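Below is one structure, written out as structure tokens; the observations come after it.
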Amino acid sequence: MQVTLRIQRFNPDTDTKPYYREYTVEVEPTDRVLDALNLVKWYQDGSLTYRRSCAHGICGSDAMRINGRNRLACKVLIKDLGSRITIEPLLGFRVIKDLVVDLEPFFAQYRTVMPYLINDEPPPIRERLQTPEERELIEDTSKCILCACCTAACPIFWTTEWLGPAAIVNGHRFLFDSRDRATEERLAVLNQRFGVWRCRTIFNCTEACPRGIQVTRAIEQVKRRILFEQS
Ligand code: SF4
Ligand code: FES
């Protein structure tokens, strides 16, 4: 089948503002949007710029707006979109070029939640064990691949400084880890002025997550944990 990709282009070295350019490619219905983008780049316009790496929904690098929704280009099939597809960069971040956005502010927020295990107790001979029930508490938020689909879908993030859904998901992942010992420090970060309380429970983040993480539920669990620890 033939599909027409309507792609937002922008090169800050030569363009004063973004514009759209259309490309028509021949694809199989079961091809992914990433396959169609590759056909454009390899055979029609080598200047088209986008991130991708694993091509299997694992690295999180090819998040973009596809027909208005934040998706991973390597996970969306052409047959689910039709013959005309609009592709734009994620909202809320500076565009570096075409579909590539500057994710440094995203990763700066991620780093503030201390996304690593903190436990100064002497390590056991083998490993720090968890029960299945303890593991279950972090099962969902452990799946995050840091694609930024959730944070870029959040209208609060577009307009206000705040941690954003992805940073809170990763804060949750360690806050609820039974092996971690930094609860107080973690709650201080998540409870700050730009922390979880800026969430207005809009659910855009949950809808956008390609890993199916219940992002809004994780944010609510962090809010409850803060209230519980303070009472
Ligand atoms: Fe991506 Fe989901 Fe992680 Fe957000 S929570 S960064 S949408 S994987
Ligand atoms: Fe790795 Fe799509 S290229 S998630």
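The values are calculated or read from the model by the stated rules, or taken from the named source; none is laboratory data. Everything numeric here is computed off the predicted structure, so don't read it as measured data. Backbone-built Cβ (ideal geometry, glycine too); neighbour counts: all protein chains shown. The protein model used for the area step is the full one, side chains on, heavy atoms only, and it has no ligands, DNA or RNA in it. Shrake-Rupley method; radii C 1.70, N 1.55, O 1.52, S 1.80 Å.
Against the definition (more than 26 Å from residue 16 (Cβ to Cβ) and touching a residue at least 12 places away in the same chain (Cβ under 8 Å)), how does residue 122 come out, yes or no?
Spelling it out, it is not the case that residue 122 is more than 26 Å from residue 16 (Cβ to Cβ) and touching a residue at least 12 places away in the same chain (Cβ under 8 Å).
Could you figure out which of (1) assigned to a loop (DSSP other than H, G, I, E, B); (2) in contact (Cβ under 8 Å) with a residue 24 or more places away in the chain isn't true of residue 168?
All conditions pass for residue 168, except number (1).
For the range 25-54, name all the residues that are within 10 Å of ligand 2 (Cβ to nearest atom), open to solvent by 20 Å² or more (accessible area, probe 1.4 Å) and within 17 Å of residue 87 (Cα to Cα).
The answer is 32, 51, 52.
Pick from the range 191-221 the residues that are of a type in the set (Val, Ile, Thr) and touching a residue at least 60 places away in the same chain (Cβ under 8 Å): which of them is surrounded by the most Cβ atoms within 10 Å (Cβ to Cβ)?
215
Go through the range 148-178 and count every residue that is open to solvent by 10 Å² or more (accessible area, probe 1.4 Å) and either within 16 Å of ligand 2 (Cβ to nearest atom) or among the charged types (D, E, K, R) (or both).
Going through the range 148-178 one residue at a time, the tally reaches 3.
Mind telling me which of the residues 224, 126, 135 ends up being away from ligand 1 (no atom under 11 Å from the Cβ), in a loop (DSSP other than H, G, I, E, B), surrounded by fewer than 15 Cβ atoms within 10 Å (Cβ to Cβ) and not hydroxyl-bearing (Ser, Thr, Tyr)?
126
Return yes or no: is residue 188 of a type outside the set (D, E, K, R) and surrounded by 15 or more Cβ atoms within 10 Å (Cβ to Cβ)?
Criteria not met by residue 188.
So which residues in the range 61-79 are under 17 Å from residue 207 (Cβ atoms) and either hydrophobic (A, V, I, L, M, F, W, C) or touching a Pro at 6+ places or on another chain (Cβ under 9 Å) (or both), if there are any at all?
63, 64, 65, 66, 70, 71, 72, 75, 76 - these are the residues of the range 61-79 that are under 17 Å from residue 207 (Cβ atoms) and either hydrophobic (A, V, I, L, M, F, W, C) or touching a Pro at 6+ places or on another chain (Cβ under 9 Å) (or both).
Based on what the data block shows, is residue 71 free of Cβ contacts under 8 Å to residues at least 24 places away in the same chain and within 16 Å of ligand 1 (Cβ to nearest atom)?
Answer is no for this residue.
Would you confirm whether any residue within the range 84-92 is hydrophobic (A, V, I, L, M, F, W, C), surrounded by fewer than 17 Cβ atoms within 10 Å (Cβ to Cβ) and away from ligand 1 (no atom under 14 Å from the Cβ)?
no
From (1) farther than 27 Å from residue 195 by Cα; (2) modelled with pLDDT of 95 or more; (3) not hydroxyl-bearing (Ser, Thr, Tyr), pick out the condition that doesn't hold for residue 126.
So residue 126 meets the others, but not (2).
What number goes with the only condition from (1) out of contact with any Leu (no Cβ under 8 Å at 6 or more places or on another chain); (2) at pLDDT 95 or above; (3) of a type outside the set (S, T, N, Q) that residue 161 does not pass?
All conditions are met except number (2).
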